[in-house]
Amino acid sequence: MICERLSLLELTCSGDSRFGGIGLPGGTVIKVGSRGRLSISLERDRYFQLKNEGDVPIEVTNYGKSTLAARRRLDGRAGDPQRPRDCQQCVVAPLGDHDRRGVVPGEKCGIRSDRPEGNDQSLQGEEGQSLMARALVTGGAGFLGSHLCEALLARGYEVIAMDSLLTGDLRNIEHLYGRPGFTFVKYDVTNHVHLSGPLDAILHFASPASPIDYLRLPIQTLKVGSLGTHKTLGLAKEKRARFLLASTSEVYGDPLEHPQREEYWGNVNPIGPRGVYDEAKRFAEAMTMAYHRTHAVETRIARIFNTYGPRMRLRDGRALPSFLTQALRGEEVTVYGDGKQTRSFCYVSDLIEGIIRLLESNQNDPVNLGNPTEMTIEEFAREIVRATGSKSKIVYKPLPTDDPKQRRPDITRARTLLGWEPKVGLVEGLGKTIEWFRPRISDIR
Ligand SMILES: NC(=O)c1ccc[n+]([C@@H]2O[C@H](COP(=O)([O-])OP(=O)(O)OC[C@H]3O[C@@H](n4cnc5c(N)ncnc54)[C@H](O)[C@@H]3O)[C@@H](O)[C@H]2O)c1
């Protein structure tokens, strides 16, 4: 069976079986990434032969009671071979669109379609493991977190959104309530985090992110970057879950290299007002790598550059919502400094696609995710005035302390390793964002 038509696939094996020449005990889950092609064939009527024909590594996870720790890549290294037995109870379920399609029709080889149809959230495999990949998104009620929850659900993940609502908003996720596989937990992740049941992935997005927020909440920002990262990494270690950190281009500070490559160490003022955010994220990256090196936690670090789109807070102090709000209200559009400082803006759907590709890749090193199209802040303000059809004038105010003068990601790594690059241009992205902002403008006091 060649599963080309599936974007993601998960196999759960309840009997002892043999995959790709490695014997695997019951409760083993096999996941194939979005560009993976998987062929399965019967071998001597006894066990499956698994062959990865795609360019994405196949990951094998064992959720069996005593073998929770047995997570390893199916990369040809010797596993702990076990005597293969018949595998009549394997369940094949696409990770994408679980709730609709249930299972892929089974084949003679014993792969069978015994996953029930319907929207049952509590589908449990042997030993209580969920048949869906289960992901925790911290900061799930925020701008990016809410889009991420949505995208993961659409790919068939079971999603737990955890958020203290410090800067987030339940309205961002209320459309997900009642969706199969979605749960919201109000919780501050700077405290010990516990979740019962298995967990495959933790995406740590909790943190104040806009300058207005982190200048107003400096200690909370430092705490969620340090303690919050530590607690969620602890949970990843306990659950043998993959951990993805939402880091930021701010780790490069006011960069002396342009564009910024991942190898660049940055130019950050640790004691300036922005240091609370920049250093929290730098610490978070260091802690993430320490858990990777010391405890072999599978980690991913996304260095996110400016991202925009629906659900940004209207007055969160970032350039786009400020310009848009002012332009839509016919107010003066405020540009800080002479407006010649540059930024690059990535539309949210592109960013989320990059995050998921990174999560499902095998890249432990940081990866820049952003749009490399660079423009000055002044050009950006003019484009927003044009796109909104506003008559607003542009006015100039003094530049805040340590404001970076230029910002553009070098996305060679994301291009080559993840096959990712942004697709949504500024005009299209601004159009969708304006559509979302326009009816909400009257909410602003
Ligand atoms: N939006 C961007 O352009 C951008 C760029 C770079 C990095 N990032 C990173 O992406 C993540 C999300 O950013 P965003 O733009 O969605 O911001 P956001 O403020 O909309 O979302 C952050 C969420 O984290 C929650 N949170 C904060 N502290 C918490 C805590 N202690 N416990 C639980 N929840 C907590 C907030 O309530 C909020 O819902 C952040 O980590 C940010 O640093 C964002």
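Looking only at residues that are in contact (Cβ under 8 Å) with a residue 12 or more places away in the chain and in a loop (DSSP other than H, G, I, E, B) in segment 266-296, which one is nearest to the ligand (Cβ to nearest atom)?
Residue satisfying both the conditions and the ranking: Arg274.
Could you tell me which residue of segment 308-320 is nearest to Lys239 (Cα to Cα), considering only residues that are touching a His at 6+ places or on another chain (Cβ under 9 Å) and near the ligand (Cβ under 10 Å from one of its atoms)? Before the answer, list the steps.
Within segment 308-320, the first condition is being touching a His at 6+ places or on another chain (Cβ under 9 Å), and the residues that meet it are 309-311.
Filter once more, so that each one left must be near the ligand (Cβ under 10 Å from one of its atoms): 309, 311.
On the way: Gly309: 33, Arg311: 31 Å.
My answer is Arg311.
For the structure I just gave you, tell me whether Asn364 is more than 16 Å from the ligand (Cβ to nearest atom) and within 27 Å of the chain's Cα centre (by Cα).
yes
Filter segment 246-265 down to the residues that are within 26 Å of Ile352 (Cβ to Cβ) and among the acidic types (Asp, Glu), then identify the one that is nearest to the ligand (Cβ to nearest atom).
Among residues in segment 246-265 that are within 26 Å of Ile352 (Cβ to Cβ) and among the acidic types (Asp, Glu), the one nearest to the ligand (Cβ to nearest atom) is Glu250.
Do we find that Asp403 is modelled with pLDDT of 95 or more, outside any helix (DSSP H, G or I) and in contact with a strand residue (DSSP E or B) (Cβ under 9 Å, 6 or more places away or on another chain) in this structure?
Answer is no for this residue.
Could you figure out which of (1) touching a strand residue (DSSP E or B) at 6+ places or on another chain (Cβ under 9 Å); (2) in a loop (DSSP other than H, G, I, E, B); (3) more than 6 Å from the ligand (Cβ to nearest atom) isn't true of Val189?
(3)
Please work out which residue is nearest to the ligand (Cβ to nearest atom), limiting yourself to segment 198-215 and to residues that are among the hydroxyl-bearing types (Ser, Thr, Tyr) and in a loop (DSSP other than H, G, I, E, B).
Checked segment 198-215; the qualifying residue nearest to the ligand (Cβ to nearest atom) is Ser207.
Can you list residue pairs whose Cβ atoms sit under 7 Å apart, with the first residue in segment 181-196 being free of Cβ contacts under 8 Å to residues at least 40 places away in the same chain and among the charged types (D, E, K, R) and the second being in a strand (DSSP E or B) and near the ligand (Cβ under 8 Å from one of its atoms)? Count only pairs 6 or more apart in sequence or on different chains.
That search, which allows pairs on different chains as well, returns Lys186/Asp163.
Out of Leu217, Leu195, report the one residue that is in the same structural domain as Gly370 (by TED's automatic domain parsing), crowded, with 18+ Cβ neighbours inside 10 Å, more than 15 Å from the chain's Cα centre (by Cα) and within 15 Å of Asp278 (Cβ to Cβ).
Of the residues listed, the single one that is in the same structural domain as Gly370 (by TED's automatic domain parsing), crowded, with 18+ Cβ neighbours inside 10 Å, more than 15 Å from the chain's Cα centre (by Cα) and within 15 Å of Asp278 (Cβ to Cβ) is Leu217.
The values are calculated or read from the model by the stated rules, or taken from the named source; none is laboratory data. Only a predicted model underlies this, so the values are computations on that prediction, with no experimental measurement involved. Note that each Cβ is placed from the backbone with ideal geometry, even for glycine, and that neighbours are counted across all protein chains shown.
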